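Trainee: I am attaching a structure below and will ask some questions about it afterwards.
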Amino acid sequence: SRSLENKRVLVTAAGQGIGRASALAFARAGAKVVATDINAEALATLEGQAGISVRRLDVLNGEAVNAVVSETGPFDVLFNCAGIVHSGTVLEMPDADLDFAFDLNVRAMVRTIRTVLPGMLERKDGAIINMASVASSVKGVPNRAAYTITKAAVVGLTKSIAADYVGHGIRCNAICPGTVESPSLQDRLRAQGDYEAARSAFVARQPIGRIGTPEEIADLAVYLATASYTTGQAYAIDGGWTI
Ligand code: NAD
(Lines give C-alpha, C1' and ligand atoms only; values in the text may rest on other atoms or scores of the structure.)
Protein backbone atom coordinates (compact mmCIF):
# COMPACT_ATOMS: atom_id res chain seq x y z
CA SER A 1 0.00 0.00 0.00
CA ARG A 2 1.19 3.54 -0.72
CA SER A 3 0.03 4.97 2.56
CA LEU A 4 2.71 6.46 4.78
CA GLU A 5 0.29 6.97 7.67
CA ASN A 6 2.26 7.27 10.93
CA LYS A 7 5.60 6.93 9.14
CA ARG A 8 8.30 9.39 10.13
CA VAL A 9 10.35 10.72 7.23
CA LEU A 10 13.57 12.76 7.25
CA VAL A 11 14.32 14.71 4.05
CA THR A 12 17.57 16.60 3.40
CA ALA A 13 17.71 19.55 0.97
CA ALA A 14 13.95 19.98 1.30
CA GLY A 15 14.05 23.75 0.77
CA GLN A 16 13.61 23.70 -2.99
CA GLY A 17 13.50 21.49 -6.07
CA ILE A 18 13.05 17.73 -5.75
CA GLY A 19 13.53 17.68 -1.96
CA ARG A 20 10.78 20.23 -1.42
CA ALA A 21 8.36 18.45 -3.77
CA SER A 22 9.17 15.19 -1.99
CA ALA A 23 8.55 16.59 1.50
CA LEU A 24 5.11 17.72 0.30
CA ALA A 25 4.42 14.37 -1.40
CA PHE A 26 5.44 12.35 1.68
CA ALA A 27 3.14 14.53 3.81
CA ARG A 28 0.25 14.10 1.35
CA ALA A 29 0.75 10.32 1.67
CA GLY A 30 0.19 10.67 5.41
CA ALA A 31 3.75 10.81 6.74
CA LYS A 32 5.11 13.00 9.50
CA VAL A 33 7.94 14.78 7.69
CA VAL A 34 10.97 16.54 9.12
CA ALA A 35 12.06 18.77 6.24
CA THR A 36 15.65 20.01 6.53
CA ASP A 37 17.88 22.31 4.49
CA ILE A 38 20.87 24.58 5.02
CA ASN A 39 18.78 27.46 3.62
CA ALA A 40 16.35 28.64 6.30
CA GLU A 41 14.55 31.05 3.95
CA ALA A 42 13.77 28.29 1.46
CA LEU A 43 12.64 26.02 4.30
CA ALA A 44 10.30 28.70 5.60
CA THR A 45 8.15 28.22 2.47
CA LEU A 46 7.19 24.81 3.92
CA GLU A 47 6.27 26.13 7.34
CA GLY A 48 2.65 25.48 8.30
CA GLN A 49 2.15 22.72 5.71
CA ALA A 50 0.17 19.83 7.20
CA GLY A 51 2.41 16.96 8.30
CA ILE A 52 5.66 18.92 7.86
CA SER A 53 7.97 20.36 10.48
CA VAL A 54 11.09 22.22 9.36
CA ARG A 55 14.61 22.21 10.82
CA ARG A 56 17.64 24.03 9.47
CA LEU A 57 20.38 21.43 8.88
CA ASP A 58 23.74 21.60 7.12
CA VAL A 59 24.47 17.99 6.17
CA LEU A 60 28.20 18.78 6.02
CA ASN A 61 28.11 19.10 9.82
CA GLY A 62 28.05 15.70 11.52
CA GLU A 63 27.27 17.11 14.97
CA ALA A 64 24.31 19.01 13.57
CA VAL A 65 23.05 15.83 11.87
CA ASN A 66 23.30 13.94 15.18
CA ALA A 67 21.50 16.74 17.05
CA VAL A 68 18.58 16.97 14.60
CA VAL A 69 18.11 13.20 14.47
CA SER A 70 18.25 12.77 18.24
CA GLU A 71 15.73 15.61 18.71
CA THR A 72 13.32 14.68 15.92
CA GLY A 73 13.88 10.94 15.27
CA PRO A 74 13.60 8.01 15.11
CA PHE A 75 12.74 7.76 11.42
CA ASP A 76 11.14 5.07 9.27
CA VAL A 77 12.27 6.69 6.02
CA LEU A 78 15.38 8.70 5.15
CA PHE A 79 15.52 10.61 1.86
CA ASN A 80 19.05 11.86 1.22
CA CYS A 81 18.42 14.52 -1.41
CA ALA A 82 21.23 17.05 -0.86
CA GLY A 83 23.69 17.35 -3.73
CA ILE A 84 25.67 19.79 -5.83
CA VAL A 85 26.55 19.94 -9.55
CA HIS A 86 30.03 21.07 -10.59
CA SER A 87 30.84 21.67 -14.26
CA GLY A 88 34.03 20.67 -16.03
CA THR A 89 36.04 17.74 -17.33
CA VAL A 90 38.48 15.77 -15.19
CA LEU A 91 41.33 18.02 -16.42
CA GLU A 92 39.43 21.19 -15.55
CA MET A 93 38.28 19.91 -12.14
CA PRO A 94 39.98 21.55 -9.15
CA ASP A 95 40.72 19.13 -6.32
CA ALA A 96 38.57 21.37 -4.15
CA ASP A 97 35.54 20.68 -6.37
CA LEU A 98 36.04 16.92 -6.09
CA ASP A 99 36.56 17.15 -2.31
CA PHE A 100 33.45 19.27 -1.87
CA ALA A 101 31.38 17.05 -4.17
CA PHE A 102 32.46 13.99 -2.18
CA ASP A 103 31.60 15.70 1.09
CA LEU A 104 28.14 16.90 0.05
CA ASN A 105 27.08 14.23 -2.47
CA VAL A 106 28.51 11.15 -0.70
CA ARG A 107 29.84 11.67 2.82
CA ALA A 108 26.75 13.62 3.88
CA MET A 109 24.68 10.54 3.02
CA VAL A 110 27.06 8.38 5.06
CA ARG A 111 26.59 10.83 7.98
CA THR A 112 22.80 10.74 7.91
CA ILE A 113 22.69 6.97 7.35
CA ARG A 114 25.02 6.29 10.30
CA THR A 115 22.81 8.47 12.46
CA VAL A 116 19.39 7.18 11.36
CA LEU A 117 20.11 3.50 10.62
CA PRO A 118 20.60 2.29 14.23
CA GLY A 119 17.03 3.35 15.08
CA MET A 120 15.73 1.58 11.96
CA LEU A 121 17.63 -1.59 12.93
CA GLU A 122 16.10 -1.53 16.42
CA ARG A 123 12.64 -1.67 14.84
CA LYS A 124 13.82 -3.95 11.99
CA ASP A 125 12.14 -1.60 9.51
CA GLY A 126 13.46 1.21 7.42
CA ALA A 127 13.66 2.62 3.91
CA ILE A 128 16.62 4.71 2.77
CA ILE A 129 16.44 6.59 -0.52
CA ASN A 130 19.57 8.19 -1.92
CA MET A 131 19.53 10.83 -4.64
CA ALA A 132 21.94 9.85 -7.42
CA SER A 133 21.54 10.83 -11.09
CA VAL A 134 21.73 9.13 -14.47
CA ALA A 135 25.08 10.99 -14.61
CA SER A 136 26.74 8.29 -12.47
CA SER A 137 27.52 4.61 -12.99
CA VAL A 138 24.43 4.66 -15.26
CA LYS A 139 25.65 7.09 -17.94
CA GLY A 140 28.61 9.32 -18.73
CA VAL A 141 27.56 12.93 -19.22
CA PRO A 142 30.02 15.44 -20.73
CA ASN A 143 31.43 18.25 -18.59
CA ARG A 144 30.27 16.74 -15.29
CA ALA A 145 33.35 14.96 -13.91
CA ALA A 146 33.08 15.66 -10.15
CA TYR A 147 29.32 15.17 -10.30
CA THR A 148 29.38 11.88 -12.23
CA ILE A 149 32.19 10.44 -10.08
CA THR A 150 30.36 11.21 -6.84
CA LYS A 151 26.89 10.20 -8.03
CA ALA A 152 28.38 6.84 -9.11
CA ALA A 153 29.63 6.53 -5.52
CA VAL A 154 26.05 7.12 -4.33
CA VAL A 155 24.99 4.04 -6.32
CA GLY A 156 27.83 2.07 -4.67
CA LEU A 157 26.82 3.33 -1.23
CA THR A 158 23.23 2.32 -1.95
CA LYS A 159 24.20 -1.22 -2.93
CA SER A 160 26.54 -1.56 0.07
CA ILE A 161 23.81 -0.59 2.53
CA ALA A 162 21.31 -2.83 0.75
CA ALA A 163 23.66 -5.84 0.87
CA ASP A 164 24.56 -5.44 4.53
CA TYR A 165 21.05 -4.92 5.89
CA VAL A 166 18.71 -6.80 3.54
CA GLY A 167 18.14 -9.41 6.27
CA HIS A 168 17.37 -6.78 8.90
CA GLY A 169 14.27 -5.11 7.47
CA ILE A 170 16.18 -2.28 5.79
CA ARG A 171 15.79 -1.37 2.11
CA CYS A 172 18.04 1.13 0.35
CA ASN A 173 17.48 2.37 -3.21
CA ALA A 174 18.81 5.19 -5.36
CA ILE A 175 16.93 7.57 -7.64
CA CYS A 176 18.66 8.50 -10.90
CA PRO A 177 16.87 11.43 -12.52
CA GLY A 178 17.60 12.90 -15.93
CA THR A 179 17.04 16.64 -16.29
CA VAL A 180 14.56 18.03 -13.74
CA GLU A 181 13.17 21.55 -13.33
CA SER A 182 14.63 23.21 -10.22
CA PRO A 183 16.20 26.49 -9.07
CA SER A 184 19.71 25.10 -9.55
CA LEU A 185 18.82 23.90 -13.07
CA GLN A 186 17.73 27.47 -13.85
CA ASP A 187 21.12 28.69 -12.54
CA ARG A 188 22.95 26.19 -14.78
CA LEU A 189 20.91 27.28 -17.83
CA ARG A 190 21.55 30.98 -17.16
CA ALA A 191 25.26 30.31 -16.65
CA GLN A 192 25.52 29.07 -20.26
CA GLY A 193 24.94 32.59 -21.62
CA ASP A 194 22.25 31.90 -24.23
CA TYR A 195 19.42 30.73 -21.96
CA GLU A 196 17.01 29.62 -24.72
CA ALA A 197 19.69 27.67 -26.60
CA ALA A 198 20.83 26.01 -23.36
CA ARG A 199 17.25 25.10 -22.45
CA SER A 200 16.60 23.60 -25.91
CA ALA A 201 19.77 21.52 -25.60
CA PHE A 202 18.71 20.27 -22.14
CA VAL A 203 15.20 19.44 -23.43
CA ALA A 204 16.66 17.59 -26.42
CA ARG A 205 18.48 15.14 -24.12
CA GLN A 206 15.15 13.58 -23.20
CA PRO A 207 13.49 11.61 -26.05
CA ILE A 208 10.20 12.24 -24.23
CA GLY A 209 10.62 15.87 -25.34
CA ARG A 210 10.67 17.82 -22.10
CA ILE A 211 12.37 18.38 -18.77
CA GLY A 212 10.90 16.45 -15.81
CA THR A 213 9.10 18.03 -12.88
CA PRO A 214 10.17 17.72 -9.23
CA GLU A 215 6.72 16.22 -8.52
CA GLU A 216 7.41 13.35 -10.94
CA ILE A 217 10.58 12.50 -9.03
CA ALA A 218 8.79 12.93 -5.68
CA ASP A 219 6.26 10.28 -6.76
CA LEU A 220 9.11 7.79 -7.16
CA ALA A 221 10.52 8.69 -3.74
CA VAL A 222 7.11 8.03 -2.14
CA TYR A 223 6.87 4.75 -4.03
CA LEU A 224 10.32 3.63 -2.85
CA ALA A 225 9.44 4.45 0.75
CA THR A 226 6.91 1.60 0.73
CA ALA A 227 8.05 -0.65 -2.16
CA SER A 228 8.57 -3.73 -0.01
CA TYR A 229 10.20 -6.03 -2.59
CA THR A 230 13.01 -3.87 -3.96
CA THR A 231 16.40 -2.97 -2.55
CA GLY A 232 19.84 -2.04 -3.82
CA GLN A 233 18.54 -0.68 -7.11
CA ALA A 234 19.27 2.49 -9.07
CA TYR A 235 15.98 3.75 -10.52
CA ALA A 236 16.37 5.80 -13.68
CA ILE A 237 13.61 8.40 -14.14
CA ASP A 238 14.87 10.36 -17.10
CA GLY A 239 12.33 10.92 -19.89
CA GLY A 240 14.06 8.19 -21.88
CA TRP A 241 17.56 9.70 -21.78
CA THR A 242 19.11 6.29 -21.11
CA ILE A 243 16.90 4.23 -23.45
P1 NAD B 1 18.48 22.33 -6.10
O2 NAD B 1 19.87 21.98 -6.54
O3 NAD B 1 17.83 23.48 -6.77
O4 NAD B 1 18.48 22.59 -4.52
C5 NAD B 1 19.43 21.98 -3.71
C6 NAD B 1 19.05 22.20 -2.26
O7 NAD B 1 20.11 21.66 -1.47
C8 NAD B 1 18.94 23.68 -1.87
O9 NAD B 1 17.72 23.90 -1.19
C10 NAD B 1 20.14 23.90 -0.97
O11 NAD B 1 19.93 24.89 0.03
C12 NAD B 1 20.32 22.52 -0.36
N13 NAD B 1 21.67 22.33 0.18
C14 NAD B 1 22.85 22.70 -0.36
N15 NAD B 1 23.86 22.44 0.47
C16 NAD B 1 23.32 21.88 1.58
C17 NAD B 1 23.85 21.41 2.81
N18 NAD B 1 25.18 21.47 3.06
N19 NAD B 1 23.02 20.91 3.73
C20 NAD B 1 21.68 20.85 3.50
N21 NAD B 1 21.11 21.29 2.35
C22 NAD B 1 21.92 21.80 1.41
O23 NAD B 1 17.55 21.03 -6.17
P24 NAD B 1 17.44 19.86 -7.26
O25 NAD B 1 17.98 20.32 -8.59
O26 NAD B 1 16.07 19.33 -7.16
O27 NAD B 1 18.51 18.79 -6.73
C28 NAD B 1 18.24 17.95 -5.62
C29 NAD B 1 19.03 16.66 -5.79
O30 NAD B 1 18.65 16.03 -6.99
C31 NAD B 1 20.55 16.84 -5.85
O32 NAD B 1 21.19 15.78 -5.16
C33 NAD B 1 20.83 16.75 -7.33
O34 NAD B 1 22.14 16.33 -7.63
C35 NAD B 1 19.80 15.72 -7.75
N36 NAD B 1 19.49 15.74 -9.18
C37 NAD B 1 18.95 16.84 -9.76
C38 NAD B 1 18.70 16.84 -11.12
C39 NAD B 1 18.11 18.05 -11.83
O40 NAD B 1 18.14 18.09 -13.07
N41 NAD B 1 17.57 19.01 -11.13
C42 NAD B 1 18.99 15.70 -11.89
C43 NAD B 1 19.54 14.59 -11.26
C44 NAD B 1 19.78 14.60 -9.89
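The values are calculated or read from the model by the stated rules, or taken from the named source; none is laboratory data. It should be emphasised that the depicted structure is a prediction, and the values quoted were computed from it without experimental measurement. Methodologically, a virtual Cβ is constructed for each residue, glycine included, from the backbone with ideal geometry; neighbour enumeration extends over all protein chains shown.
Trainee: Just to be sure before I move on: is residue 30 in contact (Cβ under 8 Å) with a residue 12 or more places away in the chain, farther than 18 Å from residue 183 by Cβ and either part of a loop (DSSP other than H, G, I, E, B) or within 18 Å of the chain's Cα centre (by Cα) (or both) in the structure I sent?
Mentor: yes
Trainee: Next question, about the same structure. When both residues are 6+ apart or on different chains and their Cβ atoms are under 8 Å apart, which pairs have a first residue that lies in the range 115-126 and is assigned by TED's automatic domain parsing to the domain that holds residue 171, and a second that is basic (Lys, Arg)?
Mentor: Sorted first by the residue in the range 115-126, then by its partner, the pairs are 126/171.
Trainee: Given the criterion within 25 Å of residue 243 (Cβ to Cβ) and under 14 Å from the mean Cα position of the chain (by Cα), identify the matching residue among 134, 110.
Mentor: 134
Trainee: Is it the case that the range 67-83 has a residue that's among the acidic types (Asp, Glu), within 19 Å of the chain's Cα centre (by Cα) and part of a loop (DSSP other than H, G, I, E, B)?
Mentor: yes
Trainee: I'm told residue 108 meets every condition in (1) surrounded by fewer than 22 Cβ atoms within 10 Å (Cβ to Cβ); (2) in contact (Cβ under 8 Å) with a residue 60 or more places away in the chain except one. Can you identify the failing condition by its number?
Mentor: (1)
Trainee: Is one or more of the residues making up the range 38-59 within 11 Å of the ligand (Cβ to nearest atom), within 25 Å of residue 133 (Cβ to Cβ) and touching a residue at least 60 places away in the same chain (Cβ under 8 Å)?
Mentor: Within the range 38-59 (the criterion being within 11 Å of the ligand (Cβ to nearest atom), within 25 Å of residue 133 (Cβ to Cβ) and touching a residue at least 60 places away in the same chain (Cβ under 8 Å)), the answer is no, since none of the residues qualifies.
Trainee: Kindly indicate which of 98, 91 is surrounded by fewer than 23 Cβ atoms within 10 Å (Cβ to Cβ), among the hydrophobic types (A, V, I, L, M, F, W, C) and outside any loop (DSSP other than H, G, I, E, B).
Mentor: 98
Trainee: I've got another one for you. Of the conditions (1) touching a strand residue (DSSP E or B) at 6+ places or on another chain (Cβ under 6 Å); (2) closer than 28 Å to residue 8 by Cβ; (3) charged (D, E, K, R), residue 123 fails just one. Which one is it?
Mentor: (1)
Trainee: Quick one: how many residues across the range 2-46 are closer than 15 Å to residue 116 by Cβ and of a type in the set (D, E, K, R)?
Mentor: 3
Trainee: If residue 32 meets every condition in (1) more than 12 Å from the ligand (Cβ to nearest atom); (2) surrounded by fewer than 14 Cβ atoms within 10 Å (Cβ to Cβ); (3) assigned by TED's automatic domain parsing to the domain that holds residue 224 apart from one, which number is that one?
Mentor: Exception for residue 32: condition (2).
Trainee: A further question on this structure: For the range 212-242, what are the residues that are outside any strand (DSSP E or B), touching a helix residue (DSSP H, G or I) at 6+ places or on another chain (Cβ under 6 Å) and β-branched (Val, Ile, Thr)?
Mentor: Matches in the range 212-242: 217, 222, 231.
Trainee: If you scan the range 61-105, which residues turn out to be among the hydrophobic types (A, V, I, L, M, F, W, C) and without any contact (Cβ under 8 Å) to a residue 12 or more places away in the chain?
Mentor: Result: 64, 67, 91, 96.
Trainee: Which one of 9, 69, 65 is more than 8 Å from the ligand (Cβ to nearest atom) and under 20 Å from residue 222 (Cα atoms)?
Mentor: 9 is the lone residue from the list that is more than 8 Å from the ligand (Cβ to nearest atom) and under 20 Å from residue 222 (Cα atoms).
Trainee: Given the condition touching a residue at least 60 places away in the same chain (Cβ under 8 Å), farther than 30 Å from residue 126 by Cα and either away from the ligand (no atom under 14 Å from the Cβ) or surrounded by 12 or more Cβ atoms within 10 Å (Cβ to Cβ) (or both), answer yes or no: does some residue in the range 191-199 qualify?
Mentor: no
Trainee: Looking at the structure I just gave you, is residue 187 among the charged types (D, E, K, R) and loosely packed, with under 14 Cβ neighbours inside 10 Å? Full working, then the answer.
Mentor: Values: among the charged types (D, E, K, R): yes; loosely packed, with under 14 Cβ neighbours inside 10 Å: yes.
The answer is yes for residue 187.
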